[in-house]
Amino acid sequence: MSKKAKMTGSMFLLMAVAIIVAACFREHTVLYHTGIEQETYTRKYLLPFFVESIAVEPPFIEEENLIFQGWFYDEELIQPVNNRLQFNIGEGTKKITDVYASWVQDDPNTEFTLPELFITADLAYTEVERESYLACTYCLTNTNLRYCFEDIPGEVRGRGNSTWSQFEKKPYKIKFTERQDMMGMGEDREWVLLSNMMDHAMFRNEIAFGIADIMGLSYTSDCQLCHLYWNEEYLGVYLLCEAVETGINRVNIETDYDPEEIMISFFLEMGGELNGFPLFPLEESPRNWDDNFTVEILYPEPEVVTKHQAEYIDAYMQMVNNAILSKDWQTITELVDIDSFAGWYLTNEIMLNGDMGWSMFGFMPKGDKIYLGPVWDFDQSCGSSETGGAAVDTWQPDTSSQNIWFDTLMEMEEFQIVLAAKWEESKAELEVFLQEEQEKAEQLSGDMQANFERWHVLGVDGQWRMREEIENFSTYEEHIAYLFDWLKRRIYWLDSEINV
């Protein structure tokens with residue numbers, strides 16, 4: 001065989017090997033976004049066809065006070081994948097994957113676990129008014145690096161009714177000059193800081209929001225516990241919440257409409273002492289709302305809602321009220337989303353919320369029905385307040401005279417069936433959630449201790465509306481033990497009472 005023929009044969013063999021290798025391997029490019037000063041680095045992998053995973057180590061970062069949490073596939077989704085990333089490298093799949101490093105900025109000056117929010121203003125916190133905003137700047141530390149910020153301009157004012165007037169530790173409404181994503185809860189300008197002064201376990205509102213989410217209630221407020229400082233003075237642990245309002249990341253029902261349109265989207269608040277229209281008595285009904293119970297239109301805002309639009313939603317709500325109080329099931333289901341009513345009721349019933357019926361939110365997307373939600377205000381629930389009572393073996397209507405709609409609905413077999421189905425589909429997830437919340441509460445004992453060192457309220461007599469048994473607890477641990485024992489017994493009793 002000639003030398004030329006041998007070379008040709010060798011080249012052919014090499015080409016054949018290359019083709020086989022190319023067929024057996026896939027090239028995949030990974031773009032690693034470190035999250036530190038927008039730094040990104042690229043790595044290409046040549047993987048055998050049978051390999052579907054890549055071991056990834058966190059990048060070396062010289063920044064101090066940063067703790068690596070893991071990699072994430074999507075910058076918007078907080079779903080950790082630890083240090084191993086799974087790639088499908090089969091035919092037809094993408095060849096480039098973006099992954100994001102997640103870091104927590106660990107404040108070297110604190111031993112706290114929770115995030116820390118700093119407000120800097122020209123006035124002391126004791127001089128803040130409830131009715132008018134005060135200019136300030138915000139700083140957020142000790143949390144995921146992507147959400148940390150400093151010197152963000154905004155405003156702050158007081159909020160609340162009894163919580164503002166009855167307690168030294170005040171709740172606040174905060175507003176940023178520009179939309180801000182607070183710890184992954186979505187961008188918005190306005191947020192709420194709840195003081196939880198009627199809940200020394202500090203978890204009742206957070207638990208209620210979690211239950212509402214399990215019950216499938218749309219637009220439930222997201223929340224995050226944090227430490228609050230005002231001009232570097234420590235003010236304790238607060239619950240940072242999404243404000244109950246319309247918006248893209250809130251109650252997302254806003255739409256463009258002609259001012260002449262009548263059937264538009266509405267966001268409503270229903271309850272006592274509101275600036276709204278009353279629900280008129282139904283003569284044949286054994287129960288009706290008190291004179292001070294009204295329905296207030298929150299969206300559209302008062303300055304833009306027209307007379308005809310207001311008259312339309314007024315008439316619609318009168319029909320809803322009449323249908324419920326006359327137990328007209330067909331009309332009820334035509335006018336309201338009954339699943340949201342069941343979820344809203346179960347959330348409040350589980351918590352034995354004394355404010356149920358006195359304060360409700362509802363929304364009506366354009367061309368749709370009335371939905372109940374989001375839920376709000378649970379610091380007097382779970383046996384903590386005189387308004388709700390302590391017993392786990394009672395229905396909420398037995399402890400309140402304000403719950404007119406659900407007093408009536410619970411007498412209807414049709415609603416009981418809907419309620420039982422909602423309970424059955426939710427109770428397993430509910431039990432897991434409560435166990436996780438209890439573990440979280442116990443782990444945060446050190447953070448909570450700082451709150452009660454700032455506000456000396458544990459074991460103090462004569463606290464507004466607080467039951468004597470709860471007042472006598474002198475430690476945070478006693479409050480947590482009581483809360484979760486109460487909830488477990490409550491779930492057990494409700495499960496025995498709700499039949500499919």
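Values quoted throughout were computed directly from the atomic coordinates according to the rules given, and no laboratory measurement underlies them. Just so it is clear, the model here is predicted, and its values are computed rather than measured. Here the Cβ positions follow ideal geometry from the backbone for every residue, glycine too, while neighbour counts run over all protein chains shown.
For the range 144-229, the square roots a ≥ b ≥ c of the C-alpha gyration tensor eigenvalues yield an a/c of 1.5 or more together with a/b not exceeding b/c, which makes the shape oblate. The long axis of helix 307-325 is offset from the longest Cα principal axis of the chain by roughly 80 degrees. Estimated from helical segments only, the mean residue ellipticity of the chain at 222 nm is -9500 deg cm²/dmol, where each DSSP H run of four or more residues counts as -39500 (n - 2.57). Magnitude of the charge dipole for the range 123-220, about its Cα centre and with charges confined to Cβ atoms of Lys, Arg (+1) and Asp, Glu (-1), is about 200 debye.
With the cut-off at 1.5 for a/c, could you classify the range 436-500 from its C-alpha gyration tensor as rounded, prolate or oblate? Taking the square roots of the gyration eigenvalues as a ≥ b ≥ c, the range 436-500 is oblate. Between the residues Phe473, Tyr133, Tyr100, the greatest Cα displacement towards the positive end of the dipole of the chain, with unit charges on the Cβ of Lys, Arg, Asp and Glu, is found for Tyr100. The dipole here belongs to the chain: it is taken about the Cα centre, uses +1 on the Cβ of Lys and Arg and -1 on the Cβ of Asp and Glu, and is about 2660 debye.
When each of Leu123, Leu140 is scored by the number of other beta-carbon atoms lying within 10 Å, the sequence from fewest to most is Leu123, Leu140. Here the Kirkwood formula, the inverse mean of 1/r across different C-alpha pairs, assigns the chain a hydrodynamic radius of 26.1 Å.
The long axis of helix 413-443 is offset from the longest Cα principal axis of the chain by roughly 60 degrees.
Could you give the angle, 0 to 90 degrees to the nearest 10, between helix 3-24's Cα long axis and the longest principal axis of the Cα atoms of the chain? Around 10 degrees separate the two axes. Listed from fewest to most Cβ neighbours within 10 Å, the set His479, His33 follows the order His33, His479.
Panel order for Trp464, Trp103, by other beta carbons found within 10 Å of each beta carbon, from fewest to most: Trp464, Trp103.
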